[in-house]
Amino acid sequence: MLVSKLFASQAVRFAAVGVSNTAIDFIVFMLLHQLIGIAPAQVISYGAGTANSYFWNRRWTFARGKGWNMGELLRFLLVNAIVAAITTMVISLLSASIPVWIAKITVTVLGLAINFGFSKLWVFR
C-alpha cells in the first residue's frame, strides 16, 4: 500500500514537472523550427526541457536532495539523449504527413512514457 502511494505521488509529481518541461520544449520548438529546421529545433527544445526536468525531478519528484550525483546525472543524460534521438527521428517522419504541431504533441507523449519508465527504474533509483 505504501509503495503504491509513493509510486502514485511520484507519477503525479513527474507529470507536473512534465507539464513545465513540455511548455518549455513546445515553446522553444515552435519559435525555432521554421528558422533552423525541425530536427535541430527538436534537439534544442528537448534539451531545454531536459535541463528543467533534471532539476525538478531530482529535487522534488524523486526527492534526491540538492547535491549532484555524477552517476545519476550520466544516467539521466543518457536516457534523455536516447529519447531525444527517438523523438527527433519520429517527428521528422511524422511532420512529412501531418501538421508539425500534431507531430510535436505525438512525440512528446512518446518521450514522456519512455522517460518516466527509465527515470523511475534506473536514473533516480
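By the beta-carbon count within 10 Å of each Cβ, the least crowded to most crowded order of Phe124, Phe7, fewest first, is Phe7, Phe124. Listing Lys120, Lys104 from fewest to most neighbouring C-beta atoms within 10 Å gives Lys120, Lys104.
Helix-only arithmetic for the chain: the sum of -39500 (n - 2.57) across DSSP H runs with n ≥ 4, divided by the residue total, places the mean residue ellipticity at 222 nm at -27500 deg cm²/dmol. On a 0 to 90° scale, report how tilted helix 70-94 is relative to the longest principal axis of the chain, with both axes built from alpha carbons and the result rounded to the nearest 10. It works out to around 30 degrees. Electrostatic bookkeeping for Gln42 treats Lys and Arg as +1 and Asp and Glu as -1; over the other residues with beta carbon under 12 Å from its beta carbon, the sum is 0. All Cα-Cα distances of the chain, cut into 5 Å bins from zero to the largest, leave 2, 11, 22, 23, 17, 12, 7, 4, 1, 0, 0 percent in each bin in turn. Normalised by the number of residues in region 2-123, the mean separation of alpha-carbon contacts (under 8 Å, six or more apart) gives a relative contact order of 26 percent.
The C-alpha atoms of the chain define a longest principal axis, and helix 2-36 lies at about 20 degrees to it. Counting only alpha carbon atoms, the long axis of helix 38-56 and the longest principal axis of the chain meet at about 20°.
Highest mobility in the GNM of the chain, judged by mean-square fluctuation with C-alpha springs under 10 Å and restricted to Phe55, Phe14, Phe26, is found for Phe55. Summing charges over all other residues whose Cβ lies under 13 Å from the Cβ of Asn115, with Lys and Arg as +1 and Asp and Glu as -1, gives +1.
Quick note: the coordinates plus some simple rules give every number you see, no bench work behind them. All values derive from a computational prediction rather than experimental measurement. Counting neighbours? That spans all protein chains shown, and the Cβs are built from the backbone with ideal geometry, glycine included.
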